[in-house]
Every structure is written in C-alpha cells, then in structure tokens.
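Here the structure is laid out as structure tokens; the discussion comes afterwards.
The values are calculated or read from the model by the stated rules, or taken from the named source; none is laboratory data. All of these numbers come straight from a predicted model, not from anything done at the bench. Counting neighbours? That spans all protein chains shown, and the Cβs are built from the backbone with ideal geometry, glycine included.
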Amino acid sequence: MADRVKFVYSGIRVRDLSESLRFYRRLGFREVKRGGFSHGGRWVHLAFPGSDHRLELNYYPPGTPFYRPFRSGEEFDHFGFYVSNPRRWLRSALRAGAKPVVGYVDGPAQLLYVTDPNGVCLGSCGPSTPGSLPNMFPPERGRGRPARSGRPSRRRRRAATRRGRGRS
C-alpha cells in the first residue's frame, strides 16, 4: 500500500480557548472535534463551510511542556499532516532539509515535529506502533515532559531573527 500524506490543518496557539472559540464561531467556523494531549494541552478543530482545511486552536496551560509566555508574533504553532507512515514521512522531511524537533506517542497516535529551514514547525500525525519513535528523537525526560518543545527554543528563534530568517 502506498503511503498516504494529506495536508489537513494549520494550528495556532491561543491565550484563551473559550474566547477564541466564540470569535471563530462568529466568523462562521464550526467545531468538528476537540480533545486533549497527554501532556495537558487542549485542542479544538474547526472547519469553515466549503473548505476541507481545518483550523486547530491549541491551548497550552501553564505547567505543561509546550507552555510559553505568550508574546505577539508567536501565535502560529504548526502546519499539520496526516500520514499513514510517520517514520517514512520523517525520513522524507529530513532529506528535504528539515530538522527534527520532538516526537512522541499519544495513545494510538504518533506525533512527529520538524522545522523547515526558516524555523516553521511542521507536524505529522499517524498511527503508532510499539517502539515507533525513531532514534533521532531523544527519549522523554523526567516528569513526562518531551525532550524539546514543538517549537524552536527562544535562543534559536532569536538567532534566526538576527540572521534575517525570522518568521514574518
């Protein structure tokens, strides 16, 4: 069976999940699905009538591994892909020039995150199998936290900005 890869959503970080939901509903979006991550964050998928692409609202409360103090310009979280073979997608992304960020298994799903040459985060979600995390991702550190967040560190973002490659 050929691998399936489908660009399905764009994720943004939100300060207040309820307020953001009210806003996007008023614009015409409808809630499709919601859930929580094992690390404590919450997400809501929204769809706009006539479009297959989804908007994912991500809320990471203080104390969770992906929480960061919120500053303007850091709202975009990641582009998301469904992949039938996460390891193969990862190898393909690395060959294209991506850098690995974090990978973890959350129930039946394997999530792998990489950054493009500009530091933009791409995430893939696909089926997990025992031992499914590739060796290139360090094992999770104590307290159940991922080894690195799904975003480049503040130091790496500042360095990219100084080199003129920051996000716009």
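Below, the figures for the structure above:
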quantity	calculated
Scan of region 50-67 for residues that are surrounded by 15 or more Cβ atoms within 10 Å (Cβ to Cβ) and not polar (S, T, N, Q), ordered by number	Arg54, Leu55, Glu56, Leu57, Tyr59, Tyr60, Pro65, Phe66, Tyr67
Residue count, region 1-15 (criterion: surrounded by 11 or more Cβ atoms within 10 Å (Cβ to Cβ) and either among the aromatic types (Phe, Trp, Tyr) or more than 20 Å from Phe79 (Cα to Cα) (or both))	2
Residue in region 87-94 that is small (Gly, Ala, Ser) and over 25 Å from Thr129 (Cα atoms) present	no
Checklist (1) of a type outside the set (A, V, I, L, M); (2) at pLDDT 85 or above; (3) surrounded by 14 or more Cβ atoms within 10 Å (Cβ to Cβ); (4) in contact with an Asp or Glu (Cβ under 9 Å, 6 or more places away or on another chain) applied to Arg25, failing item	(3)
Cβ-Cβ under 7 Å pairs, at least 6 apart or on other chains, region 66-94 side polar (S, T, N, Q), far side crowded, with 21+ Cβ neighbours inside 10 Å	Ser84/Gly126; Asn85/Gly126
Which numbered condition Arg95 misses (of (1) exposed (fewer than 14 other Cβ atoms within 10 Å of the Cβ); (2) modelled with pLDDT of 85 or more; (3) under 21 Å from Arg42 (Cβ atoms))	(3)
Residue that is under 16 Å from Tyr59 (Cβ atoms), touching a helix residue (DSSP H, G or I) at 6+ places or on another chain (Cβ under 8 Å) and not β-branched (Val, Ile, Thr), where the choices are Arg42, Arg34, Arg15	Arg42
